[in-house]
Amino acid sequence: RSKITGSMRRILPTTLAAIRYETAAGGVRWEAVWAGDSRSYALLPGSGLHALTRDDTHEDDALAQLRQDPPMTNVVCADREFTLSAHRGEFGAPCVLLTATDGFFGYVHTPAQFEWVLLDTLAHAGDVADWAERLRRAIQPATGDDASLSLAALGFEDFGRLRAAFAGRRADLARGEYLDVPPDDDQEAMRGWQDRTWQAYRDAYETFMPGVRE
């Protein structure tokens with residue numbers, strides 16, 4: 001018998017992230033739908049990774065969420081009402097749309113490191129199946145949770161064109177400070193590095209996010 005009581009208890013709780021999309025006239029119209037802290041993203045050749053959702057927590061800063069793992073204020077469940085949020089937009093093709101649980105993005109040091117995992121595994125993959133296997137191998141030693149990821153690459157003629165389209169963005173990340181991770185046991189250096197790289201990365205990452213709820 002569970003000893004968990006109060007408002008935090010749920011029956012069959014889970015999170016959700018989904019993207020509905022359609023391609024038309026050289027562009028991609030999308031709608032991200034979510035509940036909880038699973039996320040939807042766009043990966044764009046020129047500007048990298050962009051969040052399309054905002055976690056259902058009281059903490060709105062993605063770096064603070066990594067440090068704190070705050071409780072969720074809304075989840076899909078069987079015993080009470082919940083909310084599905086939606087956010088819409090449009091990109092010019094080509095682009096990659098993806099959804100992921102926090103098993104993928106919640107156990108890196110910064111949001112930029114999640115983008116690096118995506119692009120570095122893509123750069124070394126020979127095909128889609130190889131990319132999936134490399135992603136699994138990259139995240140499995142680090143994650144502390146179940147990890148699920150789904151993506152759709154839209155507007156690329158083949159896998160080689162997809163890989164080539166992101167080569168420049170990967171090189172940009174490699175040239176920055178994003179990969180200069182301090183030792184885990186030097187907490188002061190780690191926090192300083194996280195703060196610096198997040199401030200450099202944040203504006204682009206949040207470009208397409210929905211607004212902060214009142």
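The values are calculated or read from the model by the stated rules, or taken from the named source; none is laboratory data. Just so you know, these numbers come straight off a predicted model, no measurement behind them. Every residue, glycine among them, receives a Cβ derived from its backbone with ideal geometry; neighbour counts consider all protein chains shown. Each accessible area value is taken on the protein alone, full model and side chains, heavy atoms only, with ligands, DNA and RNA left out. Shrake-Rupley method; radii C 1.70, N 1.55, O 1.52, S 1.80 Å.
Things worth noting here:
- Length, then width, then depth: along the principal axes, the Cα atoms of segment 98-158 run 35, 20, 18 Å.
- In this rough spin-label picture, where each label sits 7 Å from Cα along the Cβ direction, the Glu81-Ala93 distance is 4.1 nm.
- Reciprocal mean inverse distance between Cα atoms of the chain - Kirkwood radius, Å: 18.3 Å
- Think of each Lys and Arg Cβ as +1 and each Asp and Glu Cβ as -1; about the Cα centre, that makes the dipole of segment 107-214 roughly 320 debye.
- Only protein atoms count toward the accessible area here, which uses a 1.4 Å probe; on the chain, the carbon and sulfur part of that area reaches 48 percent.
- Heavy-atom accessible area, probed at 1.4 angstrom with all protein chains present, ranks Leu66, Leu179 as Leu179, Leu66, highest first.
- For the chain: accessible area per residue (Å², 1.4 Å): 53 Å²
- Scattering from segment 42-91 was approximated by placing one identical point on each alpha carbon and applying the Debye formula without solvent; log10 I(q)/I(0) at 0.20 1/Å stands at -0.88.
- For the chain, calculated [θ]222 nm from helices alone, where every DSSP H run of n ≥ 4 adds -39500 (n - 2.57): -10000 deg cm²/dmol
- Relative contact order computed over the chain (Cα-Cα under 8 Å; 6+ residues apart), in percent: 23 percent
- Three semi-axes of the equivalent ellipsoid, segment 161-214, Cα gyration tensor, whole Å, largest first: 24, 21, 8
- Dividing the mean sequence gap of close Cα pairs (under 8 Å, 6+ apart) by how many residues segment 36-83 holds gives a relative contact order of 32 percent.
- Relative to the 2.2 N^0.38 Å rule of thumb, segment 1-95 has a C-alpha radius of gyration ratio of 1.31.
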